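To start, the structure under review is shown below, and the notes come after it.
The values are calculated or read from the model by the stated rules, or taken from the named source; none is laboratory data. Computed from a prediction, not measured in an experiment: that's the story for all the values here. FYI the Cβ positions are ideal-geometry reconstructions off the backbone, even for glycines, and counts take in every protein chain you see. Heavy atoms of the whole protein, side chains included, go into the accessibility calculation; ligands, DNA and RNA do not. Shrake-Rupley method; radii C 1.70, N 1.55, O 1.52, S 1.80 Å.
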Amino acid sequence: MTVHYVIEPEQIPEGHHRVFEIAGRSIGIYNVKGEFYAILNYCPHQGAEICKGPVCGTSLESRVYEYKFGREGEIVRCPWHGWEFDLKTGKSLVKEKVRLRCYKVFVEDGKIGV
């Protein structure tokens, strides 16, 4: 497996992301609370560039008439239809069997690689 080193960690501040063309694929690298995650820039629902969607939190399980919000900075929302995905796992919050394609991230010698 080839690792492509693309950027220094300090160039992606916490809560931000950057999109890179790596081996012919558009891949977003996200800094989620100091940890780096990489996803294919493609929404599995209908093909939107998922990395153009906002990074946010989501509604949490709660009682009737009670609204809890959490997981701030851990969720990416599709810019077309609002589907939400966990940046750490790629899992959809809408449909259990749908997920983003994720890539392993390496941080070595002051560079982030995918």
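So here's what we get for this one:
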| read-out | value |
| --- | --- |
| Residue in region 35-49 that is crowded, with 18+ Cβ neighbours inside 10 Å, farther than 22 Å from Gly113 by Cβ, without any contact (Cβ under 8 Å) to a residue 60 or more places away in the chain and not small (Gly, Ala, Ser) present | yes |
| Within region 81-111, tally of residues that are farther than 27 Å from Pro9 by Cα and exposed (fewer than 14 other Cβ atoms within 10 Å of the Cβ) | 6 |
| Residues (open to solvent by 30 Å² or more (accessible area, probe 1.4 Å) and more than 18 Å from Cys56 (Cβ to Cβ)) located in region 20-33 | Phe20, Glu21, Ala23, Gly24, Arg25, Ser26 |
| Within region 8-68, strands (runs of 3 or more DSSP E) holding 1 or more residues that are under 21 Å from Phe106 (Cα atoms) | 17-22, 25-32, 35-40 |
| Among residues of region 69-100, those that are more than 12 Å from Tyr37 (Cβ to Cβ), outside any strand (DSSP E or B) and touching a strand residue (DSSP E or B) at 6+ places or on another chain (Cβ under 8 Å), counted | 5 |
| Residues that are surrounded by 11 or more Cβ atoms within 10 Å (Cβ to Cβ) and among the acidic types (Asp, Glu), drawn from region 58-74 | Glu72, Glu74 |
| Every pair of residues 6+ apart whose Cβ atoms lie under 7 Å, when the first sits in region 60-82 and is farther than 18 Å from Asn41 by Cβ and among the aliphatic types (A, V, I, L, M) while the second is open to solvent by 90 Å² or more (accessible area, probe 1.4 Å) and assigned to a strand (DSSP E or B) | Leu60/Lys68; Leu60/Phe69 |
| Check on Glu74, of a type in the set (Asp, Glu) and touching an Asp or Glu at 6+ places or on another chain (Cβ under 8 Å) | yes |
